[in-house]
Structure formats: C-alpha cells, structure tokens
Amino acid sequence: MAITRYASAEVETMLRRGLPPDYIINKASCGYSVATPFSDADGDAMGFYIVGPSPKGLYTIEDDGLLLATLGLSPTGPPAQHSSEALAMLLQTFELHTRKDTGDLATAPVVAPMLVATSLRFVEFALYVQEIVKIQRSELGSSLIQ
C-alpha cells in the first residue's frame, strides 16, 4: 500500500486547521515544534515535536525527553519493578514507546492525516502525567507535615 506524501505546506495546514487555535506551531529542524496552552507541574509550558517526514513519508510525535523524568522515572535506567510495570501499562494505554537511544517518548509512525488525532492523544498523556505529579507532590507534602 503506497503512502500519500504531503507537501510541508499541506501538513502545516492540516495541523493549523485540526489543532486548537491556541496551539503554536513552528517549523523546526526535525519537522515541527508545537507549544500547547498547558503548563507542567513546575509551571513550564508543555509542548511536543512532530518529527518527519521519514523516507517513507511517516511522522512521529515526540517529547523532549523530560516528561518521564517529571515522574522520577528513567526509561533508559533500571527503574524499580513497580514503576517499570506502571510505566509499561501507561505507555501501552496511550500507544507510546520510549526511544532507547534518547529516552524520548514517541508514538508509532503515522501518516500525515493522523497527525492531529495522534498529537491530541499525546497531549492527553502529558496532562495525565502532570496530574500524577501533582498527586505525588501533594502526598509528599502531606507526609512531611505529619
């Protein structure tokens, strides 16, 4: 099955029409960087990268390698068994994997028309992680007070 290749301008148009208007899309050396209106648990802006197209015309959505670090997890190091199992379940649920060379989170390669849906799913995962971080910090604060 042949994959339809889209010109850069067509992909950018798909993204601008499909993503919420408060997402900021910029061209980057890897493809595109996308800033969302959301902040992480530390107040830093949340975003992601759209990497591609590959020689086959596919794209991946990736983070900057810091998302898992906010949970205190390292995909490239030896995590505790329960953390490893929880991470594996989360990644499977959101159809993500970690790149062994960088530790970045990434989606499976997708065709250009799937970029908007895949990007929104990636942001959903990132927001879920931030909620976990807030809960962890709240529990830590409560235990320190006691």
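Where a number appears in this text, it was derived from the coordinates with a stated rule and is not lab data. Small disclaimer: the values here were computed from a predicted structure and weren't measured. All Cβ positions, glycine included, derive from the backbone under ideal geometry; neighbour counts span all protein chains shown.
How long are the semi-axes of the equivalent ellipsoid of segment 8-137, taking √(5λ) for every eigenvalue λ of the Cα gyration tensor, in whole Å from largest down?
Equivalent-ellipsoid dimensions as semi-axes: 25, 17, 12 Å.
Any chance you could run the full-extension gain for residue 136 through residue 95? It's 0.36 nm times the residue separation minus the Cα-Cα distance, nm to one decimal.
Contour length minus the Cα-Cα distance gives 12.4 nm.
Can you tally the net charge around residue 28? Count Lys and Arg as +1, Asp and Glu as -1, for every other residue whose Cβ sits under 13 Å from the Cβ of residue 28.
-2
Given a Förster distance of 25 Å, report the FRET efficiency between residue 41 and residue 12 from their Cβ-Cβ distance, rounded to the nearest 0.05.
Between residue 41 and residue 12 the formula returns 0.25.
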